[in-house]
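Notes follow once the structure below has been shown.
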Amino acid sequence: MSSRRLTRGTASAGALLLAASLVACGSSGPAGGGGGGGGDAAQVWALQDTVLNPIEQASIDRFNESSEAGDFELATFGNDPYKQRLRTAINSPQAPDLFFNWGGGNLKEYVDAGRIEDLTPLLDENPELREAFLPSVLAGAELDGNVYGLPMRGMQPVVLFYNKAVLDAAGVSVPTTFDELLAAVDGLKAAGVTPIALAGSQAWTELMWAEYLLDRVGGPEVFQNIRDGENGGWQQPEVFEAMSLLQDLVERGAFGEDFASVGYDVGGASTILAQGDAGFHLMGSWEFTNQLGQSPDFVTGGDLGWAPFPAVTGGAGDPSNLVGNVSNFYSLTADSPNREAAEEFLTTALTDEEYISDLIEAGDVPPVQGVREQLQETDNAEYSTFIYDQTVEAANFQLSWDQDLSADEATVMLEQLSRFFLGEIDAQGFVDALAS
């Protein structure tokens, strides 16, 4: 799982250039506070993030000053050390009280082991808290009808970016349906332009196409069955149908001939789009930040466009559905000795006006109700409000598959997806490989 999607926020004000450099850097241990159980203060564990950590710390400081329930201490870790440290600590007296996570299947192993507190009763007791969050985002930490985490930062849906000048020169319109996308691909090819930029050396960039097409064809239930091992999993007919649509795109030359050598982390696909060598680029909302950092004239000149993923005519999926990073969440460990303080923190700190304002100033689009007016006041209001409106209107927001599946399942899926894009297996081969 790449760190490209773990800490990036959307773009706003001067923090954009800082946010463009954000990755979950490696570390051998925590920065700031000590490990869980290391002192009298309750522990909040999170990823290292040069923009988000000061906001988290300020929130904790405000809580510590105002609450009589107890004090909290922030401990931050690099991405890979964090995951391993958490997996080890969660079953020990060294477990944190609250911890940062990605929701969905990322939490499932801990929920199944009984290590995570069900927050549904807390939301039932505080209905205003439930109502404060966008429903499609809050659902990102829901398993079997129960909520195991509360959103603690912005959302990062996957968006269809495009180069307006390239599309205009080729006489191509922004597609609203998959058939229109195919027509756009043909038009861009005829104009001598690679239709879609793709960093195919990293399979997670290819995954976005499979995620959206399966959702548009069959709706969110199809992947939920895969994740939960129900109704045939990968052998559901909608999987073959979606992968057949994707196979048509690949074989039509939508991604050009050299996509397998293009990387994302080095800016390859983003540069291809900005320099006019491609018409479209499907990527997470952090792409705006990357473009502003790498190719500011492309953004400020008005040539960068963005749109929802096209609908599939006759498909069961709601065209408003999103895929991507729903948000990041704070969850409460089941045996926390500081439960009263932790519940007070969850019910007050995450919807605190100053905390929300700090997130917006740093470039995030928080998943809370009623912040659109604040977003309209940012330097990149058109984009920020687009992301917010898309999430408000979303019937469902699917967490990226490689984060919603177990690590082993995700690894196999990405390997087979890479083979699929390279033409080594077809749609049926993909289904068969994952169903075996």
*Residue check, residue 430 under 28 Å from residue 234 (Cβ atoms), in a helix (DSSP H, G or I), modelled with pLDDT of 95 or more and open to solvent by less than 10 Å² (accessible area, probe 1.4 Å)*: yes
*Specify the residue that is farthest from the chain's Cα centre (by Cα); the eligible residues are those in the stretch 397-427 that are of a type in the set (A, V, I, L, M) and crowded, with 17+ Cβ neighbours inside 10 Å.*
425
*asked:* If I filter the stretch 358-380 for residues that are more than 30 Å from residue 116 (Cβ to Cβ), open to solvent by 10 Å² or more (accessible area, probe 1.4 Å) and touching a Lys or Arg at 6+ places or on another chain (Cβ under 7 Å), do I get at least one hit?
replied: no
_One residue from 117, 142 being acidic (Asp, Glu), farther than 25 Å from residue 358 by Cβ and crowded, with 19+ Cβ neighbours inside 10 Å_ = 117
_Yes/no for residue 387 being more than 29 Å from residue 86 (Cα to Cα) and modelled with pLDDT of 95 or more_ = yes
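Table: residues versus (1) within 18 Å of residue 159 (Cα to Cα); (2) in contact (Cβ under 8 Å) with a residue 60 or more places away in the chain; (3) in contact with a Gly (Cβ under 6 Å, 6 or more places away or on another chain).
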{"site": "254", "(1), (2), (3)": "yes, yes, no"}
{"site": "266", "(1), (2), (3)": "no, no, no"}
{"site": "284", "(1), (2), (3)": "yes, yes, yes"}
{"site": "290", "(1), (2), (3)": "yes, yes, no"}
{"site": "296", "(1), (2), (3)": "no, no, no"}
{"site": "309", "(1), (2), (3)": "yes, yes, no"}
*For the stretch 223-240, state whether one or more residues are under 22 Å from residue 425 (Cβ atoms), polar (S, T, N, Q), touching a residue at least 12 places away in the same chain (Cβ under 8 Å) and in contact with a Gly (Cβ under 8 Å, 6 or more places away or on another chain).*
yes
*Looking at (1) more than 30 Å from residue 42 (Cα to Cα); (2) of a type in the set (Ser, Thr, Tyr); (3) in contact (Cβ under 8 Å) with a residue 12 or more places away in the chain, find the lone condition where residue 300 falls short.*
(3)
*From (1) more than 22 Å from residue 394 (Cα to Cα); (2) in contact with a Ser or Thr (Cβ under 9 Å, 6 or more places away or on another chain); (3) surrounded by 14 or more Cβ atoms within 10 Å (Cβ to Cβ), pick out the condition that doesn't hold for residue 83.*
(2)
*Sort out for me the strands (runs of 3 or more DSSP E) sitting completely within the stretch 18-136 that have 3 or more residues that are aliphatic (A, V, I, L, M) and at pLDDT 90 or above.*
42-47
*asked:* Residues to consider are 169, 141; find the one that is small (Gly, Ala, Ser), on the phi < 0 side of the Ramachandran plot and in contact (Cβ under 8 Å) with a residue 60 or more places away in the chain.
replied: 141
*Restricting the search to the stretch 193-214, which residues are open to solvent by less than 10 Å² (accessible area, probe 1.4 Å) and in a helix (DSSP H, G or I)?*
205, 206, 207, 208, 209, 210, 211, 212, 213, 214
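Conditions (1) at pLDDT below 95; (2) closer than 23 Å to residue 406 by Cα; (3) in contact with a strand residue (DSSP E or B) (Cβ under 7 Å, 6 or more places away or on another chain); (4) open to solvent by less than 50 Å² (accessible area, probe 1.4 Å), marked per residue:
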position: 216; (1), (2), (3), (4): no, no, yes, yes
position: 220; (1), (2), (3), (4): no, yes, yes, yes
position: 234; (1), (2), (3), (4): no, yes, no, yes
position: 242; (1), (2), (3), (4): no, yes, no, yes
position: 254; (1), (2), (3), (4): no, no, yes, yes
position: 266; (1), (2), (3), (4): yes, no, no, no
position: 276; (1), (2), (3), (4): no, no, yes, yes
position: 288; (1), (2), (3), (4): yes, no, no, yes
*asked:* With the requirement that a residue be over 25 Å from the mean Cα position of the chain (by Cα) and of a type in the set (Gly, Ala, Ser), what does the stretch 141-183 give you?
replied: 165, 169, 170, 171, 173, 183
*asked:* Name the residue that is most open to solvent (accessible area, probe 1.4 Å), counting only residues in the stretch 180-192 that are touching a residue at least 60 places away in the same chain (Cβ under 8 Å) and closer than 17 Å to residue 257 by Cβ.
replied: 189
*Could you tell me whether any residue of the stretch 222-231 is crowded, with 19+ Cβ neighbours inside 10 Å, of a type outside the set (Ser, Thr, Tyr) and under 21 Å from residue 309 (Cα atoms)?*
yes
*Return yes when residue 312 is closer than 25 Å to residue 416 by Cα, surrounded by fewer than 22 Cβ atoms within 10 Å (Cβ to Cβ) and either of a type in the set (Val, Ile, Thr) or under 22 Å from the mean Cα position of the chain (by Cα) (or both) and no when it is not.*
no
*Quick check, is residue 343 on the phi < 0 side of the Ramachandran plot, in contact with a helix residue (DSSP H, G or I) (Cβ under 9 Å, 6 or more places away or on another chain) and either not in a helix (DSSP H, G or I) or not small (Gly, Ala, Ser) (or both)?*
yes
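The values are calculated or read from the model by the stated rules, or taken from the named source; none is laboratory data. What you see is a predicted model, and the numbers here were worked out from it, not measured in a lab. Neighbour counts are summed over all protein chains in view; Cβ atoms, including those assigned to glycine, are modelled from backbone coordinates with ideal geometry. Areas reflect the complete protein model, heavy atoms only, side chains present, ligands, DNA and RNA absent. Shrake-Rupley method; radii C 1.70, N 1.55, O 1.52, S 1.80 Å.
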